[in-house]
Amino acid sequence: MLEALEEDIRDHIERETQDNIERGMSPDEARSAARRKFGNVTQVKEETRDVWSFIWLEQLLEDIRFGVRLLCKNPGFTTVAVLTLALGIGANAAVFSVVYAVLLRPLPYKEPSRLVVLNETTPKVGVVSVSYPNFSDWRAASHTFSQMAAVYAVGFNLAGVTQPENISGDAVSPNFLSMMGVRPILGRDFDAAEEKAGTAPVVLLSYALWQSHLGGDRNAVGKAITLDGRSFTIVGVLPPSYRSLDMTDVMLPIGVWATDNAERVKERGERGDMVVIGRLAPSVTFAQARAEMEGIAARLAKQYPASNDQFSVALLPIREAFVGDVKTAILVLFGAVLFVLLIACANVANLFLVRGASRTKEVALRIAFGATRVRIVRQLLTESFILACFGGVVGVALAMGGIRGMAQLISPDMLSGTIVNLNGAVLLFVGGVVLLAAFIFGLAPALHSTKPDVQSELKEGGRTSSAGASQNRLRGALVVAETSLALVLLIGAGLMMKSLYRLLEVDPGFRPDRVLTMGIDLRTQQYSKDPAVLNFWQQLLDRVRVLPSVESAAVGTVIPLTDSHSRADITIEGMALPTPGNYPHPDVHIVSPGYVKTLGISLLRGRTFTDEDSENAPLVGMINAMVARRFFQNEDPVGKRFMFGHPLATNPPKWHTIVGVVGDTRLYGLANPARFEVYVPLRQNAESGMALVVKSGADPRALTSAIRESVQSIDKDQPIRAISTMKELLSNSVATRRMTLVLLGLFSGLALILGAIGIYGVISYSVAQRTHEIGIRMALGAPRRDVFRLVVGQGLRLAGIGIAIGIVGAFGLARLMSSLLYGISAGDLATFAGVSILLALVAVLACYVPARRAMRVDPTVALRYE
């Protein structure tokens with residue numbers, strides 16, 4: 001319309017210009033006079049556009065008012081549609097809040113996409129920590145990284161407070177914070193000189209520790225804090241937004257750590273708890289950096305074969321390091337709730353089609369009075385949008401409860417220290433979902449409702465408001481889509497259920513019932529000598545063993561299903577010496593007598609440790625069944641010997657005699673295979689950091705206070721940490737799978753209900769449409785059972801098509817979630833078949849009520865139906 005108006009004005013201006021020239025005006029004067037008379041084309045266009053914008057806004061407001069009135073007049077339809085949409089939108093909002101918190105929330109660093117986490121890797125073990133000498137060589141040789149920094153995980157005992165505490169920390173290269181783009185909110189960063197051993201003990205506090213222990217005192221800088229019995233000067237406070245790869249209470253320069261760990265700084269084969277973080281140089285890609293680092297690692301392996309043979313380097317974007325193993329589970333759940341939303345939209349679209357069938361006469365009248373199809377479609381889409389907005393508001397309310405519910409299922413470790421809430425990003429996502437949902441469930445019904453035969457609809461005795469064949473096909477297609485999506489979710493839940501069942505059937509190698517664990521680290525100067533360390537552990541065990549309900553107690557450096565593991569190369573007597581890097585590399589456990597009994601580990605051969613295995617007795621050890629099978633095969637390992645390290649070393653270690661063989665344990669989780677394990681007695685290998693394990697005849701948690709008092713009666717400044725029962729550790733080890741199963745089961749159950757409602761609605765409406773036909777069939781002698789089969793058959797055909805399509809889609813989902821499965825394949829035929837049969841049975845039940853109604857049709861009444 002604007003184009004036609006513009007052309008008309010141009011024609012008038014041209015004619016007036018010619019007339020003015022004929023009157024004696026110059027061409028410029030003639031054109032100026034014509035423009036003054038008829039107006040500037042651009043100005044007219046803008047004014048006309050403003051008028052049309054105002055008209056369009058008025059029409060939109062009118063459509064909204066009309067839509068609200070219409071929905072209020074149909075409370076039943078509105079309530080069902082709003083609740084259906086609210087379930088889909090609420091589920092999406094709740095799960096997206098987790099997706100945003102874990103996968104999308106910007107990391108509080110400068111250009112986080114350029115930050116890379118580096119570890120070492122070996123074929124025998126996989127990803128391992130980095131040795132400090134290797135880090136130094138990486139930093140010197142690399143050109144693809146503009147900066148590198150080492151981060152060594154450390155722990156401290158915090159004294160001088162109401163109750164002693166064990167806190168976590170990081171020893172970092174001085175350039176670490178500046179490389180990350182983080183500045184302390186108080187005080188200063190570390191100096192470059194503080195990378196060298198011998199530097200003064202200084203520390204940066206986390207914001208949380210500063211608030212909880214110093215009350216947010218802004219004069220804290222310069223004050224002292226006591227860690228491991230030493231005085232550290234506070235030089236600054238980290239910002240509240242700072243996030244580390246692990247929980248961090250304090251940060252110190254790596255020079256302070258190097259002062260106390262001179263051997264680790266120099267020993268290339270010593271790999272503790274260190275990772276390296278690097279910032280990619282400008283214009284360097286991740287692939288280029290990986291290629292360069294693999295080349296550097298290969299050169300170091302040739303240069304230092306004793307410590308680096310077969311060692312390479314693993315690079316990971318820092319976002320992936322935070323996400324860990326939960327990314328797949330979160331994406332599977334997000335895909336599941338999107339399916340639920342689509343099913344909900346399909347159900348509401350079916351409701352709109354039924355409602356549209358009753359409004360064909362209204363639409364026909366509007367068309368007859370000159371309304372365009374576009375105008376009517378816009379009105380109907382406006383109604384859809386209003387309904388979606390109502391669903392969105394209710395959905396947000398449901399999401400609030402859903403987030404609180406998920407918080408009970410998701411462990412803090414899975415969230416990487418982030419907070420899940422309904423923030424602006426989540427609400428923006430909800431707005432997008434509302435618009436998308438309105439378009440999905442509103443467009444097809446709107447297009448179908450605006451294609452009536454005007455003359456037929458306006459005739460007296462014309463066709464009724466029943467939908468035509470094309471509308472029935474559309475409703476059938478929506479039911480097929482619902483069924484296929486529901487099947488995909490049900491198969492995913494079935495696979496997870498069977499997988500979790502198989503996983504929980506795995507023998508962990510220990511008995512977790514009524515066992516309490518806690519960590520104790522003797523870090524102060526008074527425990528610098530072995531006798532003091534051994535004396536503390538013996539006193540503690542003597543006091544704990546006499547507590548009421550305690551059946552046994554022991555200490556050990558390892559607790560299954562935790563991260564407290566250490567490994568070492570061993571040499572087995574009589575075996576050919578392996579090449580460097582190929583020595584057996586078992587997990588090494590230092591334990592006291594009673595450890596095997598307390599944890600319920602099976603003794604397969606020989607004996608366990610006793611008090612006779614003292615520091616003055618011959619060195620002894622135990623091995624697990626896996627070591628025995630691999631290195632002793634048909635021989636009895638008891639009496640054989642092994643040593644830690646290599647016999648060709650400058651100072652070869654001493655031999656240990658094997659006195660027993662114990663069962664394998666699943667140290668790294670039920671889904672991970674058993675590994676080589678070696679046990680040595682505490683009194684022959686004094687260790688200051690241990691875990692106390694206590695077997696109780698009652699609730700083990702009830703012993704916590706008494707054990708804490710026993711510890712403080714020996715050393716009042718000694719804290720305990722990581723208090724947990726073995727059952728809790730076992731439960732936490734499958735937390736990701738359990739959370740995925742529960743939520744996927746919930747969403748698939750919701751999808752099944754919505755799918756059944758969809759099938760019921762289509763079949764019920766079809767029976768109402770075909771009442772006349774059914775009456776004729778029955779009048780001609782058709783048995784009622786044939787009518788029943790006819791109706792049920794129609795529903796099963798739709799369900800069958802949906803099941804066939806869903807099986808194909810389910811294979812794709814199963815492959816995506818294969819990393820979450822254990823003990824079954826992604827294409828488990830029993831699960832696919834069982835879920836398909838279940839969905840078919842639900843479809844039969846959904847068809848039963850409409851089929852029974854069809855059987856009760858009175859032929860006499862039916863023949864007068866139209």
Which GluC sites (Glu not before Pro) in the stretch 545-645 sit in a loop by DSSP (not H, G, I, E or B) and have at most 11 other Cβ atoms within 10 Å of their own Cβ? Glu612, Glu635
Under 5 Å from the placed amide H of Gln147, counting only residues 5+ away or on other chains, we find Arg279
Inter-site label distance for Lys266 and Ala722 at 7 Å from Cα along Cβ, in nm: 3.0 nm
What Kirkwood hydrodynamic radius, in Å, does the stretch 658-801 give when the mean of 1/r is taken over all pairs of distinct Cα atoms and then inverted? 23.0 Å
Violations at 28 Å Cα threshold for listed pairs Lys654/Lys727; Lys124/Lys327; Lys529/Lys716; Lys498/Lys597; Lys124/Lys640; Lys124/Lys727 -> Lys654/Lys727; Lys498/Lys597; Lys124/Lys727
Got a sec? What order do His143, His589 fall in by accessible area at 1.4 Å, biggest, i.e. largest, first? His143, His589
So if I place +1 on the C-beta of Lys and Arg and -1 on the C-beta of Asp and Glu, and nothing else carries charge, what would the dipole magnitude of the chain be about its Cα centre? I want it in debye, nearest 20. 2640 debye
If the chain between Ala193 and Ala141 were fully extended at 0.36 nm per residue, the gain over the current Cα-Cα distance would be 16.6 nm
Please get the size of the charge dipole for the stretch 571-656, origin at its Cα centre, with Cβ charges of +1 on Lys and Arg and -1 on Asp and Glu, quoted in debye to the nearest 20. 260 debye
Pop out the carbon and sulfur fraction of the accessible area of the stretch 205-323 as a percent, whole number, probe 1.4 Å. 51 percent
Can you tell me the 0 to 90 degree angle between the C-alpha axis of helix 784-816 and the longest principal axis of the chain, rounded to 10? 50 degrees
If each residue of separation counts as 0.36 nm, what is the full-extension length gain between Ile714 and Ala208 once their alpha-carbon separation is subtracted? 179.2 nm
Give or take rounding to whole Å, what are the principal axis extents of the alpha carbon atoms in the stretch 533-680, in descending order? 52, 40, 28
If I take R0 = 41 Å and measure r between the Cβ atoms of Glu551 and Ser825 in this structure, what FRET efficiency does the formula 1/(1 + (r/R0)^6) give, to the nearest 0.05? 0.45
Can you work out the accessible area per residue across the chain, with the rest of the protein chains kept in place, probe 1.4 Å, in square angstrom? 46 Å²
Normalised radius of gyration for the stretch 137-232, please: alpha carbon Rg relative to 2.2 N^0.38 Å, two decimal places. 1.21
Coil-residue trypsin sites (Lys or Arg not before Pro) of the stretch 757-866, DSSP, other Cβ within 10 Å capped at 15: Arg856, Arg864
With N set to the number of residues, divide the alpha-carbon radius of gyration of the stretch 213-258 by 2.2 N^0.38 Å and report two decimals. 1.24
Using only DSSP helix segments of four residues or longer, with each worth -39500 (n - 2.57), what per-residue ellipticity at 222 nm results for the chain after dividing by its residue count and rounding to 500? -17500 deg cm²/dmol
Separation of the Leu841 and Thr259 label points, Cα + 7 Å toward Cβ, nm: 7.1 nm
How much length would be gained if the chain were fully extended between Ser705 and Ser566, taking 0.36 nm per residue of separation minus their Cα-Cα distance, in nm to one decimal? 47.1 nm
Leu604 to Trp655: FRET efficiency via 1/(1 + (r/R0)^6), r the Cβ-Cβ distance, R0 25 Å, to the nearest 0.05? 0.70
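The values are calculated or read from the model by the stated rules, or taken from the named source; none is laboratory data. This one's a predicted model, so the numbers in the text were calculated from it and none came from an experiment. Using ideal geometry, Cβ is built from the backbone for each residue, glycine included, and neighbour counts are taken over all protein chains shown. When the accessible area is computed, the model is the full protein with side chains, heavy atoms only, and any ligands, DNA or RNA have been set aside. Shrake-Rupley method; radii C 1.70, N 1.55, O 1.52, S 1.80 Å.
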